[in-house]
Structures are given as structure tokens and as C-alpha cells.
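The values are calculated or read from the model by the stated rules, or taken from the named source; none is laboratory data. Bear in mind that the values here come from a model prediction, so they are computed numbers and not experimental data. Here Cβ is always computed from backbone atoms with ideal geometry, including for glycine, and neighbour counts include all displayed protein chains. To get the accessible areas, we keep the full protein, side chains included, count just its heavy atoms, and leave off ligands, DNA and RNA. Shrake-Rupley method; radii C 1.70, N 1.55, O 1.52, S 1.80 Å.
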Amino acid sequence: MLITSATPQELVDWFHTRQEDQRIMCVMLAPELEDQQKLKELTLRFAAADAWLGSEVAFILLDPNGDSAVGLNRGMGEVGAFSGTAFPLRDTTGFRDLTDDWEHHREHVAQTSARGMARFVPEFMEIFGVNPQDLPCLSLVVQGVDESIVLSLGKDWTVDDLKALLQKIRKIVDDAPNFKKEISSMAGLLPQSLERIQDLVNSISAKVAQASKILDQVLRRHNGNDDDRQMVASYVGQGCQGREILESVLARFSFKDSEKFLRDEQITRLLKLADELDSRRAPLIELQRGGLFIPSVAELAQHWVESRDKLFEELQGLLPAKQVATTRINRSQLTRLKSVLEFVNTSGDVVGKAVAAYDWITKLTGKGG
């Protein structure tokens, strides 16, 4: 796996959102000289490391002196990784030699990779929310989700400790689903008939605001009392739901029999607005009656939340750890889907599944997302 022309943040974003081969990327944050020596030893044992990692786990190495066409073009050096299927630094200009002379280059590969990793630690510390006292640590970027895991290694970590840790990570990841593929597919669950849902939502919101303004004017014009104001507040608070409900409110006004009210042209305008709101809400009501789309979203979102939490619980059980948000891919992909569920929840004909679906999507995209 080679990453070209990227900042550390772009590297993390790329793994979260676009790469296809691995489930986890390991980024070592261990800048002390003794840490660099251990990383050098790890690189010298790259063939064994490939076997520890398997094909689902990647480990990033960096060369600060790289100058090939596939290297970073912002003064940051080469970026590569080794996984169970390949050692990509072999494919760069500096490390491509696979002849008998490869043995001659091993020391160079190990030394420059260890130094390069240390050089990039400050940038990665910011991305992973790591403090100086947290070093050394191993950050795990998870494909297809918005969060990463940071594992504290302890000052006295050894290559054998890291070997055992990587083997445990591999075992956990072997059972992990393809979050990138499956969560991305959820964004396509929006029914075709609701493709322009945002325009519909905006139109309904505008008409609700218009009806609320007219009702407020009616109350002031006819000296409505507290009961009148309370009825209007309840009607508006529920989104001005339905012509029948509006007619019921109008019929209970304290001034309903006054001649001035009976001649009020704004009432005709209000009833027309209620009809328009009913018409615009019809697709959503039909959607809820169908009972197919919302339960599917609820069940899928719950499944992926629980799968993600299970994976993170297992990873965080390996060493003292923390979870940190490192991208917003799911928030951006599922925003439109979430907005539909949010509107369905407040459209009057509330369905329990819609509430559940919205809650699970919220968890999947992060609190307050």
C-alpha cells in the first residue's frame, strides 16, 4: 500500500474513506531515541512482521529522505506501509531493489523509517489528540468509521510486546466487518420518491412559519385570551398538523362568534395553508404507512453501531486506551438520510421505528452530529 502526495491528516482521511485493502492502519507515535531503535529492529524483521499483521492490518512507515515520484511532495518524505501481502517500501525508488543487494539496503530502510516516523510524531499527535505524557503509543485508524483508537504502550515496551499486540489486533480484525462498504450503502436507502426531501422539508418549514405568523396576528387582532394562545402554541408546536386540527382550534377560540372574526379574510388564507401542508406531508405519511424504509434504516444503523462498539471494546481491552474522532465521513454521508428521519419524527404521525432509526443514526455519526 502506497500513499502519495499527502499530509498526515490526508493520510488518515484516505485510510478512513478510500482505501480498500485493510481494516486497520497502525501509526506508531514513539519519538525517543530508544523507541527509534526498537522501530529499526521491527523493520529489520519485516518478513516476520508481515506474518504477524496478516492481510487486514497495515503498519505505516515513513522515509524522511524519499525523493521518488510517488513520495510526498510537501517536504515530508515517503509514505508507505507493510501488510501481510507486501512491503510497499520495496516499490519506491529508494527501496525497490529485490536482488541480492537488498540485504545491503536493509539497514538503511530500518534506520530511515524509524527516524522518519519520529519526525512525523507531532503532526500525528494533533490528529489523534495525544499529549506528550501519552507517548509512546500506537494509534489504530479504523476503515470506514469516524473514530480511531489510541493504545498506550508504556515506556518499557519491547518489539516482542509489539509483536504480541499486533497479533492480537490481527485476530480481532479478522472478524471485523467492512464498515466502509456497508455504512456507505446506507446512504443509498433513501427512497427515490424522496430524492428532493430537503426541498420538501424547507417548503413545509416555510409554510409552518407563515401559518404561525398569521395565527399570532389573528390573536392580537381579536384580543385572544390565555386559552386561545395556549391552543395556538400547541398547534404550532406540533408543526401545524392537518386542516382538521386547525378547524378544531378555530372553532374553540373565545372570539369564534364575533362578526369581525367571521369576516376575517386571514382565516381563509390559514385554511389554504393547512391544505398545502397536508399535501406536502402526504409522501412522508405514505412512507410511514409502508413500513419498509424506516425499519430497515433502524435495524441496519443499530447493527453497525453495535458492531463498531464491539470492535472498539475489544481493541480498547488490549491496553490502556482512548477513542478519538479523526474524520467525519459517516456524518457527511448520512446527513441527508438523518435529516429525513428527523423530519419524519416531527411530522405528526410519529412512528416508533423512525425515532429508533434517528437515534441509531445519531450514534453512528457521533453525538450532536
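Candidates in region 113-133 are the residues that are part of a helix (DSSP H, G or I) and without any contact (Cβ under 8 Å) to a residue 24 or more places away in the chain; of these, the one that is nearest to L364 (Cα to Cα) is E126. The single condition from (1) at pLDDT 75 or above; (2) of a type in the set (S, T, N, Q); (3) in a loop (DSSP other than H, G, I, E, B); (4) surrounded by fewer than 21 Cβ atoms within 10 Å (Cβ to Cβ) that Q37 fails is (3). Can you find even one residue in region 172-181 that is at pLDDT 90 or above and in contact with a helix residue (DSSP H, G or I) (Cβ under 7 Å, 6 or more places away or on another chain)? Scanning region 172-181 turns up at least one residue that is at pLDDT 90 or above and in contact with a helix residue (DSSP H, G or I) (Cβ under 7 Å, 6 or more places away or on another chain).
Output yes when any residue across region 245-256 is free of Cβ contacts under 8 Å to residues at least 24 places away in the same chain, farther than 20 Å from A233 by Cβ and open to solvent by 60 Å² or more (accessible area, probe 1.4 Å), and no when none is. No, region 245-256 has no match at all.
Only one residue in Q238, Q210, Q192, Q217 is at pLDDT 90 or above, polar (S, T, N, Q) and open to solvent by 60 Å² or more (accessible area, probe 1.4 Å). Which one? Before the answer, list the steps.
Working: Q238 fails: at pLDDT 90 or above; Q192 fails: at pLDDT 90 or above; Q217 fails: open to solvent by 60 Å² or more (accessible area, probe 1.4 Å).
The conditions single out Q210.
Taking D146, is it over 16 Å from A58 (Cβ atoms), of a type in the set (D, E, K, R) and in contact with a strand residue (DSSP E or B) (Cβ under 8 Å, 6 or more places away or on another chain)? Judged against the criteria, D146 is a match.
Which residues, taken from region 143-168, are over 22 Å from the mean Cα position of the chain (by Cα) and of a type in the set (A, V, I, L, M, F, W, C)? L153, W157, V159, L162, A164, L165, L166, listed by residue number.
Screening A81 against (1) open to solvent by less than 10 Å² (accessible area, probe 1.4 Å); (2) at pLDDT below 75; (3) farther than 16 Å from R170 by Cα leaves a single unmet condition, (3).
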